[in-house]
Amino acid sequence: MNSFVLADPDKCIGCHTCEAACVVAHSGNDLFEQEESEIAFYPRLTVIETDEVTAPVQCRHCEDAPCANVCPNGSITNKNNSIFINQDTCIGCKTCMLACPYGAISMVTAYQDGQKQRQSGLRTNAEGAWSRKERIVANKCDLCDESGNGPECVRVCPTDALRFIVPGQIDESIARKRTASAQLLQQFGSLSGY
Amino acid sequence: MKKERPNSFVIAEAGKCIGCKACELACFTVHNQDNGVAASVGTVTIPVLPRLYVIQTDSFTMPLQCRHCENAPCAGVCPVQAIRQEDGAILIDEDRCIGCKACAVACPFGAVSLYKSYGNGQEMKQPYLKEQQNGRLERKARVIAYKCDLCRNIESGGNSASGEMVSAGAVNHYGSLTENGGEPFPACVSVCPEQALTLVSPSLGESRPRTAAGLGSLRSLRL
Amino acid sequence: MPNIDPIIHIDEQLCTGCRRCAAVCPVDAIIGEAGTPQRIDEHRCVVCGQCVQACTAYAAESEPSLTSRAEKLRQRGQLSSVREPLFAAYSTGHALELKEALADPKRYKVVQCAPVIRVSLAEEFGLPFGTLTPGKMAAALRRLNFDRVYDTNFGADVTIMEEGSELISRVMSGERLPMFTSCCPAWVKHAETAAPKLLEHLSSCKSPMQMIGALVKTYSAELDGVDPANILSVAVMPCTCKKFEAGREEMNVDGHREVDLVITTRELAQLIKDMGIDFINLPDEPFDSPLGKYSGAGTIFGATGGVMEAAIRTGYELVTHESIPNLQLDFIRGDEGIRTAAVQIGDLELRVAMVAGLKYVSSILEQVADGTSPYHFIEVMACPEGCVSGGGQPKLLLETQRKRAYQARKSAIYRHDSNQKVRKSHENPAIIKLYKDFLGEPLGHASHHLLHTQFISRSAKEELS
């Protein structure tokens with residue numbers, strides 16, 4: 001079973017700290033030393049705000065991840081109890097973005113060593129003249145796997161609205177709920193009458 | 001327009017249950033004819049994955065399963081609408097399920113479990129999703145949400161083995177009607193040796209008949 | 001295999017204490033409080049395996065606190081390829097041991113199959129209840145590397161010759177009546193435990209399985225020119241107590257175990273699957289001669305009343321020297337409980353009783369102890385409907401199917417009987433030849449040495465010392 005981060009909308013105050021922390025955690029450079037215009041602000045979770053509720057939404061690391069099952073070249077795999085996008089091999093086909101029922105995948109510019117990655121072959125005239133096109137890849141929550149410290153969003157949330165759920169916790173919670181509901185029923189007595 | 005009626009559900013009496021797990025076994029049996037499960041234990045080639053769970057505590061034992069909630073939280077959180085109400089039962093469309101676990105987290109009873117999916121007695125594999133296993137990237141097993149379907153998806157017939165099974169055990173029982181109308185008996189109900197399980201089929205706007213015994217239980221609520 | 005292992009076990013890790021096993025135990029040998037793991041009183045236990053059939057407390061795959069499945073299989077003597085769920089109540093398996101022995105090219109491997117394996121084995125492969133597969137079973141056993149595929153049905157025919165003759169002689173002399181059958185080892189163990197004073201009422205015949213075992217190591221060894229010490233004698237039985245019977249010390253002939261290994265119907269199916277044999281598509285093959293040729297009478301031993309019916313078919317003709325008017329003795333056939341009948345054989349009105357289910361036997365035993373038993377001959381089968389419902393038979397997933405399964409297995413047995421050309425034991429040419437060439441006459445010197453036995457008192461007092 002995979003791990004994932006889950007938000008409690010009742011606790012979320014919509015402060016976007018998690019988004020900022022996500023960007024910092026995934027930025028190779030020190031964000032605060034960069035020019036504002038150069039900052040690639042691509043958080044891997046999005047705080048959704050409606051009239052009634054705010055909460056961040058992010059990848060649920062589905063067991064049968066639809067994104068992975070539509071990826072044409074195997075760039076999305078199950079790794080260390082998470083669904084992982086290999087951005088080095090992603091061809092930017094956007095199918096995973098369409099497939100994800102949570103809207104947890106977005107397309108972003110790929111950076112390497114603080115620089116936008118440019119393609120060797122593909123040329124574009126988007127900037128007026130023909131130039132090597134920047135690489136655009138699928139991006140989503142990776143549970144801050146590389147840091148080894150667990151998801152940064154969970155750590156920074158001022159209201160503890162985010163929880164990191166690891167395999168086994170769901171089973172434990174299901175077992176707890178089963179026992180609790182059986183406890184409630186057991187005092188309920190005979191069902192005669194039905 | 002057809003009048004809406006609350007969903008039926010199966011519920012157990014702790015006082016009667018002896019903890020034998022016959023209900024779990026029966027549930028698994030009738031749901032796995034496509035996996036080659038016929039009448040005898042020897043035909044089982046996959047793990048026993050029931051859709052109800054016998055809970056044992058120090059003081060009592062009873063099975064627990066989906067209550068087919070009218071405003072089912074599991075269905076409310078399903079991102080792919082794989083959980084729907086169909087003919088008065090909350091059912092999971094296993095083909096649509098993406099194993100996101102939201103329903104399992106949402107259910108307050110713990111009635112939804114995620115297990116590997118099986119077909120023809122074999123683990124079902126993902127179409128493309130791969131996972132690092134034994135140092136190699138291999139196709140990952142499909143994992144889906146399981147819960148009680150009131151034995152709605154059980155088909156009779158099929159191969160000779162399951163046909164035999166259904167005609168021997170299931171149809172005799174599924175074919176018979178409950179007192180309050182028209183619904184087939186789920187396997188757990190028909191197999192329980194202590195009649196500890198009941199299929200409850202309520203009507204809209206009506207409550208359970210009040211009995212002296214019910215009033216008696218009020219006494220235990222006094223301060 | 002000496003009898004150190006009690007054969008029937010309850011796995012403490014899996015037992016939920018529902019006590020459904022106690023409800024089917026005919027001798028109240030299951031002890032424990034409801035809701036806690038049960039244990040078995042080995043002294044009382046008759047090893048019938050009805051608890052194994054009834055138990056529904058399976059090992060859930062998701063339970064992390066359990067001993068691993070692989071380890072449990074090993075402890076239970078089961079093949080590592082077994083995929084079916086494991087239950088709290090189980091019988092010690094010998095398939096693992098047999099698989100190793102079958103791979104030994106130096107041993108001469110002989111197998112016999114009880115009458116009811118051929119009416120139930122198919123269930124383990126998903127075929128309908130009552131599917132008859134004697135030919136596929138023989139073919140499968142050959143592919144498992146057995147050198148000779150023999151049949152316990154032939155042993156049943158020998159039993160009828162011996163037990164029928166014994167009955168006639170005891171009825172004529174009026175000695176030690178009524179006479180009980182002795183082919184059900186669970187009944188024999190119960191008699192030894194609960195009624196040691198009445199043991200002289202048991203027929204001195206060994207069971208059909210032991211008779212075949214004895215003949216395998218003598219008669220057939222001679223015919224095949226094989227050293228009996230080199231023979232592996234295997235029996236496939238619907239019964240868990242046959243494992244106990246084969247291990248009884250006295251069950252040897254000239255120092256050789258009559259039956260070296262017993263596996264159940266379920267274990268045979270597991271072995272067939274383990275070896276990758278496509279059972280359903282096997283061709284029909286015959287059993288080997290001479291211990292594989294049987295009559296219809298031999299085949300009905302598997303159902304309650306079968307021994308009685310077979311004995312009457314032969315006894316009638318031995319006494320009256322006339323052909324029995326009707327071969328199908330419907331009044332003998334039936335279900336669980338006690339049935340009685342009176343059969344006119346010449347001048348004699350033979351009064352018989354059939355007990356199906358060991359829990360019904362106590363009233364019969366009381367009558368015998370009081371000297372008030374009206375019967376000449378009493379058949380006792382420990383299991384509810386005889387061997388068709390034995391503890392080693394395919395285990396049903398749904399209790400609701402039990403009645404139907406037993407009925408179908410029984411009607412398959414009777415169907416098999418009515419399809420045989422020879423339906424009386426004494427008319428089986430292989431039996432006639434066995435007595436002509438080897439045994440001489442029923443109850444003769446050779447028979448006494450090979451086919452008859454003595455019983456042991458197992459009263460509680462002895463157990464304590």
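The values are calculated or read from the model by the stated rules, or taken from the named source; none is laboratory data. If you're wondering where the values come from, they're calculated on a predicted model, not measured in any experiment. A quick note on method: Cβ atoms are made from the backbone with ideal geometry, for glycine too, and the neighbour counts reach across all protein chains shown. With ligands, DNA and RNA removed, areas are computed over all heavy atoms of the protein, side chains included. Shrake-Rupley method; radii C 1.70, N 1.55, O 1.52, S 1.80 Å.
Obtain the nm distance between the two label points defined at C:D278 and C:I4 by a simple spin-label model: each point lies 7 Å from its Cα along the Cα-to-C-beta direction.
4.4 nm
Between A:E146 and C:S80, how high is the FRET efficiency from 1/(1 + (r/R0)^6) when r is the Cβ-Cβ distance and R₀ = 51 Å? Nearest 0.05.
0.80
When only the heavy atoms of the protein chains count and the probe is 1.4 Å, how do C:M179, C:M275 rank by accessible area, highest first?
Sorted descending by solvent-accessible area, the residues read C:M275, C:M179.
Using R₀ = 56 Å, calculate the FRET efficiency as 1/(1 + (r/R₀)^6) where r is the Cβ-Cβ separation of C:E33 and A:K11; round to 0.05.
Given R0 = 56 Å and the Cβ-Cβ separation, E is 0.75.
Considering only A:N125, A:N69, A:N81, give the residue with the highest GNM mean-square fluctuation for chain A, with springs between Cα atoms whenever their separation is below 10 Å.
Checking each option, the largest mean-square fluctuation is seen for A:N125.
Largest first, what is the accessible-area ranking of A:K133, A:K11, C:K242 with a 1.4 Å probe?
A:K11, A:K133, C:K242
To the nearest 20 debye, what charge dipole does region C:395-461 have about its Cα centre, counting +1 at the Cβ of each Lys and Arg and -1 at the Cβ of each Asp and Glu?
In total the dipole reaches around 520 debye.
Just to compare against my own numbers: the Cα pair-distance distribution for region C:213-273, 10 Å bins, whole % per bin, please.
For region C:213-273, the pair-distance distribution reads 24, 45, 28, 3.
Return the percentage of antiparallel bridges among DSSP beta bridges fully within region C:148-451, rounded to the nearest 5 %.
Of the beta bridges lying entirely in region C:148-451, close to 45 percent run antiparallel.
Mind grabbing the base-10 log of I(q)/I(0) for chain C at q = 0.06, 0.08 Å⁻¹? Debye formula, identical points on the C-alpha positions, no solvent, two decimal places.
Ignoring solvent entirely, the Cα scatterers give -0.23, -0.42.
Quick one: 3J(HN,Hα) in Hz for region C:123-128, Karplus 6.51/-1.76/1.60 with θ = phi - 60°, rounded, Gly and Pro as x.
4, 5, 10, x, 7, x
Can you work out the Karplus-derived ³J(HN,Hα) for every residue in region B:118-124? Use 6.51 cos²θ - 1.76 cosθ + 1.60 with θ = phi - 60°, whole Hz, and x for glycine or proline.
The phi angles translate into 10, x, 6, x, 10, 4, 7 Hz.
Which whole number gives the average, over all residues in C:258-269, of C-beta atoms from other chains lying within 10 Å of the residue C-beta?
1
What does the charge dipole of chain C about its Cα centre add up to, to the nearest 20 debye, if the Cβ of each Lys and Arg holds +1 and the Cβ of each Asp and Glu holds -1?
Dipole size: approximately 920 debye.
What is the mean number of Cβ atoms from other protein chains located within 10 Å of the Cβ atom of each residue in peptide B:105-113, rounded to a whole number?
5
So for the pair B:D58, C:Q344, with labels modelled 7 Å out along Cα→Cβ, what separation do we get in nm?
It is 7.2 nm.
Looking only at other chains, what is the average number of their beta-carbon atoms within 10 angstrom of each beta-carbon in B:22-35?
Mean shielding count: 3.
Distance between the C-alpha centers of region A:88-108 and region B:90-142? Whole Å please.
Taking the Cα centre of region B:90-142 as reference, the centre of region A:88-108 is 21 Å away.
For region C:280-292, just list the computed ³J(HN,Hα) in residue order, Karplus coefficients 6.51, -1.76 and 1.60, θ = phi - 60°, integers in Hz, with x standing in for Gly and Pro.
4, 9, 6, x, 6, 10, x, 6, 7, 8, x, 8, x
So, R0 is 56 Å and r is the distance between the beta-carbons of C:Q407 and A:R155; what FRET efficiency does that work out to, to 0.05?
Using R0 = 56 Å, I get an efficiency of 0.25.
Roughly how many whole Å is it from the C-alpha centroid of region C:241-288 to that of region A:120-194?
55 Å
7 Å from Cα along Cα→Cβ at both C:N419 and A:N86: what's the point-to-point distance in nm?
The modelled label-to-label distance comes out at 5.9 nm.
How big is region A:64-140 in terms of Cα radius of gyration and Dmax, in angstroms?
13.7, 45
Gaussian network model of chain A, Cα springs within a sub-10 Å range: biggest mean-square fluctuation belongs to which of A:A21, A:A180, A:A99?
Among A:A21, A:A180, A:A99, the largest GNM mean-square fluctuation belongs to A:A180.
Quick one: accessible area per residue over the protein assembly as shown, 1.4 Å probe, rounded to a whole number of Å²?
Accessible area per residue, the protein assembly as shown: 43 Å².
Compute the Rg/Rh shape ratio of region C:1-92: radius of gyration over Kirkwood radius, all on alpha-carbon atoms.
Ratio of gyration radius to Kirkwood radius: 0.95.
Total accessible area buried between chains B and C, 1.4 Å probe, in Å² to the nearest 100?
2900 Å²
Looking at region C:362-408, I'd like the Rg to Rh ratio, where Rg is from alpha-carbon atoms and Rh is Kirkwood's inverse mean 1/r.
My calculation of the ratio gives 1.18.
Please list the non-local residues whose amide H lies under 5 Å from the amide H of B:Y118, H modeled 1.01 Å from N, same-chain partners needing a gap of 5 or more.
Amide H neighbours of B:Y118: B:M124.
Please report the orientation-averaged projected area of the protein assembly as shown, defined via the convex hull of its C-alpha atoms, in nm².
Average projection, Cα convex hull of the protein assembly as shown: 49.6 nm².
In nm², what is the average projected area of the convex hull enclosing the Cα atoms of region C:66-126?
Averaged projected hull area, Cα only: 5.7 nm².
What is the set of long-range amide H partners of C:A235 at a cut-off below 5 Å, with H atoms built 1.01 Å from backbone N?
Distant-sequence amide H within range of C:A235: C:Q112, C:L261, C:V262, C:I263.
Taking a probe of 1.4 Å and counting only protein heavy atoms, give the total accessible area buried between chains B and A in Å², rounded to the nearest 100.
Its buried surface, counting both partners, is about 3600 Å².
Report, in deg cm²/dmol and to the nearest 500, the calculated mean residue ellipticity at 222 nm for the protein assembly as shown, where each DSSP H run with n ≥ 4 adds -39500 (n - 2.57) and the sum is divided by the residue count.
Result for the protein assembly as shown: -8000 deg cm²/dmol, rounded to the nearest 500.
Can you pull the accessible area of B:R5 for me, 1.4 Å probe, Å² to the nearest 10?
Approximately 90 Å² of B:R5 is accessible to the 1.4 Å probe.
Output the residues of region C:109-139 meeting this criterion: accessible area (heavy atoms, 1.4 Å probe) in the chain alone minus accessible area with all protein chains in place is 40 Å² or greater.
C:G126, C:P128
If you roll a 1.4 angstrom probe over the protein chains with everything in place, what fraction of the accessible area of chain C belongs to carbon and sulfur, to the nearest %?
Solvent-exposed carbon and sulfur of chain C make up 51 percent of the total.
Can you tell me the orientation of helix A:169-186 relative to chain A, as the angle in degrees between its alpha-carbon axis and the longest Cα principal axis, to the nearest 10?
20 degrees
In chain A, if every C-alpha pair distance is counted and binned at 5 Å from zero, what percent goes to each bin?
1, 7, 12, 16, 17, 15, 11, 7, 5, 3, 2, 2, 1, 1, 1, 0, 0
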